[in-house]
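What follows is a set of notes on a single structure, which appears directly below.
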Amino acid sequence: MTDDTGTQDKGNTQLELNTDWLRQNDLHTHVANFTASYGLLKNLDIYLNPPATLSQPSGINDVAVGVKWRVLEHDDFSLGIKPEITFPSGDPNRGLGRGATSMSLTLIGSYQSGDWAFSSNLAAYYNRYRLASDQQANRTMQWRLSAYALYELNPKWSLVLDGGILSNTERASDTSGDLHSSSNPGYILTGTVYSPTPNLDLDMGLKFGIGCGACAAQTHRQVGVGVTWRF
């Protein structure tokens, strides 16, 4: 969930494919996500992210395009920014998108120390909605704060622990009087990464929602697997 400041270097490409099974109360969803990144400069990537819902109603969700720029490096610490634009490619009437162009900006800090790697994100989102019902139900501004710690057991195996909190966009959370609805959805994620070669990663993770049990945006449990290939 939390991004780091790593980039592909000029002329290199990275392909990421993952699929996740989510549970929100009695609702079960299966999604897939594909991200293609290309190194424009040593410290600057451009990427394309077309997500999809595989369970019903199935289809393409809103496609995102962005850049990741590592703006500062000092010893083992680095700082980056990631602006992103999301286009209304999904059908909002089927719950597959917002129906309007949105944008976000993420500030990334990363630190490496021996076998340990740490990263944190502070993100701001400006979400626009085409449907009047979505506009009435949701705020346009949202923020996210998250961090991870990764430990490299050996050159092929790593363990990761990730956690964060996302602001509640539901307008009703201000007036419902329900403490669970008025809180912000958080999460904790644990997983492992297996790298059979330096340019290939296979990962698996388990994510649990924390707090805000009644939030529409809260995922109570999520299982995911993925593959990353660099060339």
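If a residue must be within 24 Å of THR192 (Cβ to Cβ) and loosely packed, with under 14 Cβ neighbours inside 10 Å, how many such residues does region 16-27 contain?
The initial filter retains those residues of region 16-27 that are within 24 Å of THR192 (Cβ to Cβ), namely 16-23.
Retained after the next criterion (residues that are loosely packed, with under 14 Cβ neighbours inside 10 Å): none.
Qualifying residue count for the region: 0.
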Exercise. Which of the residues that make up region 53-62 are aliphatic (A, V, I, L, M) and assigned to a strand (DSSP E or B)?
Worked result: ILE60
Problem set entry | Residue selected from region 29-45 under the condition closer than 25 Å to GLU73 by Cα and more than 16 Å from the chain's Cα centre (by Cα), by the criterion surrounded by the fewest Cβ atoms within 10 Å (Cβ to Cβ) | LYS42
Exercise. Would it be correct to say that LYS10 is open to solvent by less than 40 Å² (accessible area, probe 1.4 Å), basic (Lys, Arg) and closer than 27 Å to VAL193 by Cα?
Worked result: no
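Just to check your reading of the model, which residue among ALA124, ALA172 is farther than 24 Å from ARG70 by Cα and free of Cβ contacts under 8 Å to residues at least 60 places away in the same chain? Give the steps one after another, and end with the answer.
Details: ALA124 fails: farther than 24 Å from ARG70 by Cα.
From the options ALA124, ALA172, the qualifying one is ALA172.
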Seminar exercise, completed: Counted residues in region 183-211 being surrounded by 19 or more Cβ atoms within 10 Å (Cβ to Cβ) and in contact with a His (Cβ under 9 Å, 6 or more places away or on another chain) come to 1
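Yes or no: region 72-88 includes at least one residue that is among the polar types (S, T, N, Q) and in contact with a Pro (Cβ under 7 Å, 6 or more places away or on another chain). Step through it out loud before you land on a result.
To start, the set of residues in region 72-88 that are among the polar types (S, T, N, Q) comprises 78, 86.
Filter once more, so that each one left must be in contact with a Pro (Cβ under 7 Å, 6 or more places away or on another chain): none.
No, that holds for no residue.
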For this session: Specify the residue that is farthest from the chain's Cα centre (by Cα); the eligible residues are those in region 63-100 that are assigned to a loop (DSSP other than H, G, I, E, B) and closer than 30 Å to ALA117 by Cβ.
Result: ASP75
For this session: Scan region 110-126 for residues that are closer than 25 Å to VAL63 by Cα and surrounded by fewer than 19 Cβ atoms within 10 Å (Cβ to Cβ) and jot them down.
Result: SER120, LEU122, ALA124, TYR126
For this session: Could you please find all residues in region 140-159 being open to solvent by 50 Å² or more (accessible area, probe 1.4 Å) and over 19 Å from the mean Cα position of the chain (by Cα)?
Result: TYR151, GLU152, LEU153, ASN154, PRO155, LYS156, TRP157
Exercise. Is one or more of the residues making up region 88-95 in contact with a helix residue (DSSP H, G or I) (Cβ under 6 Å, 6 or more places away or on another chain), modelled with pLDDT of 95 or more and open to solvent by less than 50 Å² (accessible area, probe 1.4 Å)?
Worked result: no
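Hey, any hits in region 56-64 for a residue that's acidic (Asp, Glu), surrounded by 15 or more Cβ atoms within 10 Å (Cβ to Cβ) and touching a residue at least 60 places away in the same chain (Cβ under 8 Å)?
Quick first cut of region 56-64, residues acidic (Asp, Glu) only: 62.
From what's left, surrounded by 15 or more Cβ atoms within 10 Å (Cβ to Cβ): 62.
Next, from what is left, pick out any that are touching a residue at least 60 places away in the same chain (Cβ under 8 Å): none.
No, that holds for no residue.
The values are calculated or read from the model by the stated rules, or taken from the named source; none is laboratory data. As the structure is a prediction and not an experimental result, all values here were calculated from the model. Positions of Cβ are generated from backbone atoms using ideal geometry, with glycine treated the same way; all protein chains shown enter the neighbour counts. Note: accessible area is taken over every heavy atom of the protein model, side chains too, but ligands, DNA and RNA are not part of it. Shrake-Rupley method; radii C 1.70, N 1.55, O 1.52, S 1.80 Å.
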